[in-house]
1. Under the condition of being closer than 18 Å to residue 193 by Cβ and part of a loop (DSSP other than H, G, I, E, B), which residue from the range 53-90 is most open to solvent (accessible area, probe 1.4 Å)?
2. Looking only at the range 206-234, filter to residues that are open to solvent by 60 Å² or more (accessible area, probe 1.4 Å) and in a helix (DSSP H, G or I); which one of those is nearest to residue 18 (Cα to Cα)?
3. What are the pairs, 6+ residues apart or on separate chains, where a residue within the range 323-343 that is farther than 15 Å from residue 390 by Cβ and in a loop (DSSP other than H, G, I, E, B) has its Cβ under 9 Å from a residue that is of a type in the set (Phe, Trp, Tyr) and at pLDDT 95 or above?
4. Of the conditions (1) open to solvent by 50 Å² or more (accessible area, probe 1.4 Å); (2) not in a loop (DSSP other than H, G, I, E, B), residue 13 clears all except one; give me its number.
5. Among the residues of the range 279-286, is there at least one that is among the hydroxyl-bearing types (Ser, Thr, Tyr), out of contact with any Phe, Trp or Tyr (no Cβ under 7 Å at 6 or more places or on another chain) and within 28 Å of residue 144 (Cα to Cα)?
6. May I ask you to list the residues in the range 361-393 that are more than 28 Å from the chain's Cα centre (by Cα), open to solvent by less than 60 Å² (accessible area, probe 1.4 Å) and among the aliphatic types (A, V, I, L, M)?
7. Which pairs turn up if I take residues in the range 71-89 that are farther than 17 Å from residue 239 by Cα and look for partners that are buried (at least 19 other Cβ atoms within 10 Å of the Cβ) and among the acidic types (Asp, Glu) with beta carbon separation below 8 Å, at least 6 apart in sequence or on another chain?
8. Any residue at all in the range 336-345 that's on the phi < 0 side of the Ramachandran plot, surrounded by 17 or more Cβ atoms within 10 Å (Cβ to Cβ), among the hydrophobic types (A, V, I, L, M, F, W, C) and in contact with a Lys or Arg (Cβ under 6 Å, 6 or more places away or on another chain)?
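The values are calculated or read from the model by the stated rules, or taken from the named source; none is laboratory data. Given the structure is predicted, the values throughout are model-derived calculations rather than measurements. Here the Cβ is made from the backbone with ideal geometry for all residues, glycine too, and neighbour counts use every protein chain on show. Surface accessibility is based on the protein's heavy atoms, side chains included, excluding ligands, DNA and RNA. Shrake-Rupley method; radii C 1.70, N 1.55, O 1.52, S 1.80 Å.
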Amino acid sequence: MNYIFDEITDRRNTHSLKWDVGENELPMWVADMDFKTAPEITEAIIKRAEHGVFGYNIVPDEWYDAYIDWWRTRHDFKIEKEWLIFCTGVVPAISSVVRKLTTPAENVLILTPVYNIFFNSIINNGRNVLECPLRYDGTEYSIDFEDLENKLANPQTTMMIFCNPHNPVGKIWDKETLQKIGSLCRKHHVIVVSDEIHCDLTQTGKSYVPFASVSEECRTNSITCVAPTKAFNLAGLQTAAVIIPDEYLRNKVNRGLNTDEVAEPNSFAVRAAVAAYNHGSKWLDGLRQYIDENRRIVSEFIQNEIPRIKLVKSDATYLLWIDCSEIGVSSNAIAQFIRHETGLYISDGMQYGKGGEQFLRLNIACPKERLIDGLSRLKKGISEYDKWLTSMC
């Protein structure tokens, strides 16, 4: 089957968080694609809907099998059935884990800039955010392991929320890096919660390494959150899984998820996930190729048309991280100005923590026609901002 990603979808007036914007605005911010999901998934959902009865649901064996087969064939990682727990989403899982496995006023460490909702999961539960800023050399990112160990060694640091691949910088962490993180966290008795929701959105020819697959230390001291929602555009169906090899941690997390009432599937959550993992492989391959081409278009456009900014090298996700440091002002000011002047709605880097103050995040998971529109608006916005800065001098 040939899959078409150039179709322009109209998401206005559909109660879409992303598209709840002004008439002339173009949203390219939240991690939500403008592509229809794989037709195989739609067919499965329609078939379930036609049944007409939507009572309480269980998690069947086919759900476990779908996850196990996908990670074995796609990521060379063998998952045992008992390691898996259904959850309504990665964020609900992370928040529940924070509540269950840490106590108020303890530190939860994150590598910033990082997914902004991590801050909510920590702060809203009365824990302290401990930022360990990534190193940026002007081209790519790495971990400052000296700083990391010093902060892990703090007795008040009891958990690390890790992003693999890393949102927003698009970094795929290699096995050596993961092993070192796992060793340091075990040494200092810090539990690792690894958010791997973007794992299926690597560039063609590149793969990610599951944190729990790296070593015994990583396997027994980690909780991995995964879902088909980012790769197959299913966030609204609220379907995810938590992978926990260690029995003690698994029992604690299972109790927490059930106490928080986020461990039961709705009538479509299981069917959609099973269809995605059992029948969505070719669609996903086509999607990744399309996003690769979009990434290339953005790279060339910025290099040729907007040399004042720079695209950071990335190997995963459909979220591009743009360095605006040459302009010399906060990304918040730039993002607000661009939206006001052009209608382009993109994310400012300040919300992702330390190190994001002069960056923008751009969602390129959209048809090329829409992407070109967005890039034209970005060019106009940066140009107008430069003129405005000059006029203020």
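1. My answer is 88.
2. If we filter the range 206-234 for residues that are open to solvent by 60 Å² or more (accessible area, probe 1.4 Å), which is where we start, we get 206-207, 216-217, 219.
Now narrow it down to the ones that are in a helix (DSSP H, G or I): 216-217, 219.
Working: 216: 40, 217: 39, 219: 36 Å.
Checked the range 206-234; the qualifying residue nearest to residue 18 (Cα to Cα) is 219.
3. From the range 323-343, the pairs are 324/359; 325/359.
4. (2)
5. First, the residues of the range 279-286 that are among the hydroxyl-bearing types (Ser, Thr, Tyr): 281.
Then keep just the ones that are out of contact with any Phe, Trp or Tyr (no Cβ under 7 Å at 6 or more places or on another chain); that gives 281.
Remaining after also requiring within 28 Å of residue 144 (Cα to Cα): none.
No, the range 279-286 contains no residue that is among the hydroxyl-bearing types (Ser, Thr, Tyr), out of contact with any Phe, Trp or Tyr (no Cβ under 7 Å at 6 or more places or on another chain) and within 28 Å of residue 144 (Cα to Cα).
6. The answer is 389, and nothing else.
7. 74/200
8. yes
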